[in-house]
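Here is the structure we will look at, set down as structure tokens.
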Amino acid sequence: SLQTGATRQFTASATMSDGSTDNTGFTWSVSGGGSITQAGLYTAPSAAQSTAITITASKGGKSKTATITSIVAPPTIVSRGPIADKVGGSTTAFTTMFTVTNSAASDYTFVVTPPGAGSVSAAGLLTLADAASGAVSVKATHSTISSVTATCEFTGVTPKK
């Protein structure tokens with residue numbers, strides 16, 4: 001699969017009768033979505049789709065195909081903070097801290113600041129340390145796309161009594 005709007009360069013080569021390789025003169029075509037240049041540069045459609053896309057290189061009456069199984073929209077994450085007045089030892093759900101599209105809590109890694117102020121489970125559940133106080137933040141970063149990140153701020157955290 002490719003992300004919406006992504007590009008990918010395709011190449012083709014033919015073995016000639018003298019054993020040499022030729023990668024010029026191919027005719028490129030695409031069916032199912034997107035576009036391809038005669039140099040083999042494919043551009044995915046701007047909308048997600050589950051329909052397979054077939055790219056064909058043809059030359060001299062012969063052709064070969066490549067298949068892209070799906071086009072997926074990129075993931076996004078946005079903080080829903082700041083969140084005020086939590087107490088040490090309390091929990092906050094991932095969906096309370098963040099709004100995501102095309103992803104889930106399990107797609108992210110988490111860093112709590114200051115260190116020791118709490119921990120986040122694989123499901124994205126923050127558990128504040130009993131002694132946590134003041135300002136605490138949780139930074140979520142997508143596991144495979146590091147530019148997809150957001151930080152939820154907590155203000156006025158008070159220690160558990």
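Annotation: of all residues in the range 134-158 being open to solvent by 60 Å² or more (accessible area, probe 1.4 Å) and under 19 Å from the mean Cα position of the chain (by Cα), the one that is modelled with the highest pLDDT is Lys139.
Considering the range 94-121, and only residues there that are open to solvent by less than 50 Å² (accessible area, probe 1.4 Å) and in contact with a Pro (Cβ under 8 Å, 6 or more places away or on another chain), the residue that is nearest to Val72 (Cα to Cα) turns out to be Ser103. Among the criteria (1) in a loop (DSSP other than H, G, I, E, B); (2) in contact with a helix residue (DSSP H, G or I) (Cβ under 6 Å, 6 or more places away or on another chain), the one Gly89 does not fulfil is (2). If you go through the range 2-42 and keep only what is within 12 Å of Ile55 (Cα to Cα), open to solvent by less than 40 Å² (accessible area, probe 1.4 Å) and among the hydroxyl-bearing types (Ser, Thr, Tyr), you end up with just Tyr42.
Could you grab me the full set of residues in the range 91-121 that are hydrophobic (A, V, I, L, M, F, W, C) and within 27 Å of Ala48 (Cα to Cα)?
Step one: of the range 91-121, the residues hydrophobic (A, V, I, L, M, F, W, C) are 93-94, 97-98, 100, 104-105, 110-112, 117, 120.
If the condition is that a residue be hydrophobic (A, V, I, L, M, F, W, C) and within 27 Å of Ala48 (Cα to Cα), then Phe94, Met97, Phe98, Val100, Ala104, Ala105 are the ones that fit.
Screening the candidates Ala57, Ala131 for the property of being closer than 30 Å to Ser31 by Cβ, touching a residue at least 40 places away in the same chain (Cβ under 8 Å) and touching a Lys or Arg at 6+ places or on another chain (Cβ under 8 Å) yields one hit, Ala57.
The values are calculated or read from the model by the stated rules, or taken from the named source; none is laboratory data. All figures in this text were calculated on a predicted structure; none of them were measured in a lab. Note: ideal-geometry Cβ built from the backbone for every residue, glycine included; neighbour counts use all protein chains shown. Ligands, DNA and RNA are excluded from the accessible area calculation, which covers all protein heavy atoms including side chains. Shrake-Rupley method; radii C 1.70, N 1.55, O 1.52, S 1.80 Å.
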